[in-house]
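**Student:** Take this structure, written in C-alpha cells, and hold onto it; I'll ask about it next.
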Amino acid sequence: MPTAILRRIVLCLFIAALAVVLRITGTEVAPVLDLIAFGAAIVAAAFLLAWAAEAAQKDISGALAIALLALIAVLPEYAVDLYYAFRSGSDPDYLHFAAANMTGSNRLLLGFGWPLVVIIALLVARRTTKRRTKGTTGTAERTTGTQVEGKAPRPRSPRSLRLDSGARMDIGFLVILGALAFAIPLMGAIPVWFGIGLILIFAAYLWRAGQSAGDEEEEFVGAAALIAEMPKSARRITVISLFVVSAAIILLSAEPFAEALVASGQSLGIDSYFLVQWLAPLASEAPEFIIAAMFALRGMGAAAIGTLIASKVNQWSLLVGSLPIAHLAGGGGLGLPLDGRQIEEFTLTATQTILGVAIILALRFHWAPALGLAALFGVQFFVTDTSGRYVLSATQAGLAIVFLILHRRDILPTLAAPFRRSDPDTDDPQPAEAAPTDPATTDPTDAGTGVATAPATADRAETRA
C-alpha cells in the first residue's frame, strides 16, 4: 500500500478511535465532548467511505455498481436522520428532529455546494485563459516580431459552466421529485405509501443511470486515485476493508452523536433543532464537498456539479422515502407527522430545489445565479420567523418561475429525459467543462455569453494559435 494513502487511513482511524473506545466501554462524558468525539468519528469514517466508494468504480461497473455505491455513499448522512425517525416512533419528543437533518443537508447541498463548485470551476478556467492568452501572444510576437493585439481574437474567460448532456436525466428526475415535494407540506405528513413511491422513483433512477452509464474509464482524484493505482488484489482488499471499517464506525457513532446533538444544545443554551439541522449535515457532507471541489480545481466542473445533482436526487427520493418507514419500524403510525416548523422547512427546501433546477434547465450554470443561490441560502439564517420564511419561499418560487420562462424550451426535453432511451449518437460528443473559450471555436449560439466549453475545443484553439 502506498505510504501516502496509508498515512491518510491511519489518521482517520486515529481520529475515530476515541469514539469507538467510548462506545464499546460505555464511558459517559459531557454531552459536548460526546458531540466532538462522535462527530469527528463520523467525519473520519465518511472520508474513508468516500475514498473506497470512488475507488471501487475501478473494478465494478454498470447498474449494480451504481446501486451499491449509491446506498453505501449515503450511509453517513442517513444514519443520524433515520435514527431520529426511528426514535420518534416511540418518543414524540424526537418527532420534530426526524426530518431536520434532511432539510438542512438538502439546502446545504444546493445553497452552498452547487455555488462553490461553479465558482471554483470558473476561477480555474479564468486562470487557465490568462495563462494561454499570455503564452499565445508571446509566441506570435516571437514569430512575427510585431504586436498582434487587435489583429487576433483574444480568448475570453467563461462566465458560466456548461453541464454534461447526460446531466439532463438527473435534472429531469430532480424536477419530478421537486414537484412531488410540495405534496409533503400540503399533506402535513409523509405517509408510508408516499415514502414507498419515492423509493420506487429512486430505484427507477438507478435503473436509468445504469442504462446510461458509458464505458469510458473513470478519472480519480486524491486518495481514491492512490487506491485505484494499487494492484488489483491489494486494491480490492483495501476497498472492502475501508467499507467494513467505515460502516462499523458510522453505525457505532450514529446514535450517541444524535443524542449528543440534542443534549449539547440543551446544556449550551443553543436550539437543539439548529444543531441537528446544520451541524450533522456539515459532518456528513464534508467529504462530498471536498471531493467535488477537487474535481472543480482540476477543471472537471461538470463532473463535480453532476455528482452533487445526483446526491440531491438521492436525498429527495431514498432519504425522504425512508423516513416514514423508519418511523413505523420504531413503533409509530403509518405516516410521519410534521409539525408547523417541519412544514415550513419542507416548503423552503422544496422551493429552493425548484429554483435550482430552473436555473440549470438549459445545462448552463452562470456565476450570477450561483451567487444568488448562495445569498438566498445565507439569508435564511437571519430570517427565522415563520412569516419571513414563507416570504423567502415565495421569493424563491417567483424566481423559479422567471427562470422557467427563460428556459421554457428546455422544460419538455428535461421532463422527457428520465423516460427516453439513451442514444449515444444524439448526445454531445464532449462533456462540457469550465474551460477558456475562443470566439473562433465557440458555438455560434453561445456568442457573447462567455459559456465555458469543452477542454478539447480550447486545446484545438491553442493549437491553431
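**Student:** For Met1 and Ala17 in the same chain, what is the full-extension length gain: residue separation times 0.36 nm, less their Cα-Cα distance, in nm?
**Tutor:** That works out to 3.6 nm of additional length.
**Student:** Here's a follow-up. Counting only heavy atoms of the protein chains, get the accessible area per residue of region 171-307 (1.4 Å probe) and round it to a whole Å² value.
**Tutor:** Normalised by residue count, the accessible surface of region 171-307 is 42 Å².
**Student:** Hey, another quick one. How high is the FRET efficiency between Arg408 and Leu200 when r is their beta carbon distance and R₀ equals 25 Å, given to the nearest 0.05?
**Tutor:** Efficiency computed from Cβ-Cβ geometry: 0.25.
**Student:** Ok, one more. Leu163's amide H: which non-local residues (gap 5+, or another chain) put their own amide H closer than 5 Å, with H modeled 1.01 Å from N in plane and none for Pro or chain starts?
**Tutor:** Placed amide hydrogens put Arg364, Phe365 under 5 Å from Leu163.
**Student:** Please give the contour-minus-distance gain from Asp339 to Phe419: 0.36 nm per residue of separation, less the Cα-Cα distance, rounded to one decimal in nm.
**Tutor:** Fully extending the segment from Asp339 to Phe419 adds 25.2 nm.
**Student:** Can you tell me how much longer the chain between Ala225 and Arg127 gets when fully stretched, taken as 0.36 nm per residue apart minus their C-alpha distance, in nm with one decimal?
**Tutor:** 32.8 nm
**Student:** Run the accessible area of region 228-272 with a 1.4 Å probe and give the carbon-and-sulfur part as a rounded percent.
**Tutor:** 65
**Student:** Continuing with this model, one more query. For Ala183 paired with Ile240, estimate the spin-label separation in nm (one decimal), with each label point 7 Å from Cα along the Cα-to-Cβ line.
**Tutor:** Each label point lies 7 Å from its Cα, and together they span 4.2 nm.
**Student:** Now, a different point. Quick check: Cα centre of region 260-314 to Cα centre of region 2-64, how many Å?
**Tutor:** 16
**Student:** Follow-up question, since we're still on this one. How large, in percent, is the carbon and sulfur part of the accessible surface of region 306-382 at a probe radius of 1.4 Å?
**Tutor:** C and S atoms contribute 74 percent here.
The values are calculated or read from the model by the stated rules, or taken from the named source; none is laboratory data. From a predicted model like this one, the values you see are computed outputs, not experimental measurements. For neighbour counting, all protein chains shown are included, and Cβ atoms are generated from backbone atoms with ideal geometry for every residue, glycine included. When the accessible area is computed, the model is the full protein with side chains, heavy atoms only, and any ligands, DNA or RNA have been set aside. Shrake-Rupley method; radii C 1.70, N 1.55, O 1.52, S 1.80 Å.
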